[in-house]
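Here's the structure we're looking at; comments come further down.
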Amino acid sequence: MYRIITISREFASGGRTIGKKVADALGYAYYDNELVTKIAKESGFAEAFVKENGEYAGFTSSLLFNLSLNNIGAAGTLSTSDQLYTYQHKIIRELAEKGNCVIVGRCADYILRDRTDCFNVFIHANMAFRIDRVLNIYQEKLDKPEKFLREKDKKR
C-alpha cells in the first residue's frame, strides 16, 4: 500500500476535489492550501506569492540546490524561484516522512520521485468540463475561458 499519494493536475480539472476525497476515504492527511501556508511561514514569502509561483518553481542549478538543502540559511543567495523551490522541497519531504498523506501540486511528484511508497497521479479533463468549473465553481469572469485555461496549462 502506498503511504503517499501526489496529485498533479490541469487547472480546473478537479484534482483538489479528488485529492480531498481520496484523503478522507483513506484517513490520510491532506496537504494543499495548508502546504502553501506552511511554505510561506517558513520561507517568509507572502502566501499569495507561494500560491501563484509554487506550482511552477524549479531549480536552475543542481549544485546550488544541493548546497542550499544542507544550509537553508544560504538560500538567501539564490534567486527567488530557487529559494521557493528549496523551501517547498524541504517541507514536502518532511511531510512525507511524517506519515500517510495526499499532496496536491507543488511539484510533489517530482520531489518525491525516488520514493517507492509514493503513488503519483495526474488528473486531467476535457476543455468543456474545465470551462464549466472555471465559470461556475471558481466564479471567474472571463471573456475567453478556453484561452485562459490554455495559458494556465502552458505555465504548468
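Taking all pairs of distinct Cα atoms, average 1/r, flip it, and tell me the Kirkwood hydrodynamic radius of the stretch 75-138 in Å to one decimal place. Mind dumping the intermediate values first?
On the way: mean 1/r = 0.0704 Å⁻¹.
Radius from the Kirkwood sum: 14.2 Å.
Return the single residue from Val104, Val50, Val121 with maximal mean-square fluctuation; model: Gaussian network over the chain, springs between Cα atoms under 10 Å.
Val121
May I ask for the angle, rounded to the nearest 10°, between helix 33-43 and the longest principal axis of the chain, with both axes built from Cα atoms and the value confined to 0 to 90°?
Result, in degrees: 30.
Report the relative contact order of the chain, percent, no decimals, based on alpha-carbon pairs under 8 angstrom and at least 6 residues apart.
Relative contact order, the chain: 42 percent.
Roughly what angle does helix 15-26 make with the longest principal axis of the chain, taking Cα atoms, 0 to 90 degrees, to the nearest 10?
That works out to roughly 70 degrees.
Run the dipole for the chain about the Cα centre, Lys and Arg Cβ at +1, Asp and Glu Cβ at -1, nothing else charged, and hand back the magnitude in debye, nearest 20. It would help to have the intermediate numbers written out before the result.
Numbers: 24 positive and 20 negative charges, 44 e Å.
About 220 debye.
Any idea how far apart Lys41 and Ile123 come out in nm if each label point goes 7 Å out from Cα toward Cβ?
2.4 nm
Just by accessible area at a 1.4 angstrom probe, what is the order of Cys107, Cys101 from largest to smallest? Let's see the in-between values first.
Values: Cys107 30, Cys101 0 Å².
From most exposed to least exposed: Cys107, Cys101.
Please report, in whole Å³, the volume per residue of the convex hull around the C-alpha atoms of the chain. Walk me through the intermediate numbers first.
Working: hull volume 19.0 nm³, N = 156.
Taking the convex hull of the Cα positions in the chain, it is 122 Å³ per residue.
Pairing the Cα long axis of helix 145-155 with the longest principal axis of the chain, what angle in degrees results, from 0 to 90 and rounded to the nearest 10?
20 degrees
With point charges of +1 on the Cβ of Lys and Arg and -1 on the Cβ of Asp and Glu, referenced to the Cα centre of the chain, which listed residue (Phe11, Asn136, Leu78) lies farthest in the positive direction of the dipole?
After comparing all options, I get Asn136.
Once you've got the GNM for the chain with C-alpha springs shorter than 10 Å, pick whichever of Lys141, Lys41, Lys90 has the biggest mean-square fluctuation.
Maximum fluctuation in the GNM of the chain, among the listed residues, is at Lys141.
The values are calculated or read from the model by the stated rules, or taken from the named source; none is laboratory data. Note that this is a predicted model, so its numbers are computed, not measured. Note: ideal-geometry Cβ built from the backbone for every residue, glycine included; neighbour counts use all protein chains shown. Each accessible area value is taken on the protein alone, full model and side chains, heavy atoms only, with ligands, DNA and RNA left out. Shrake-Rupley method; radii C 1.70, N 1.55, O 1.52, S 1.80 Å.
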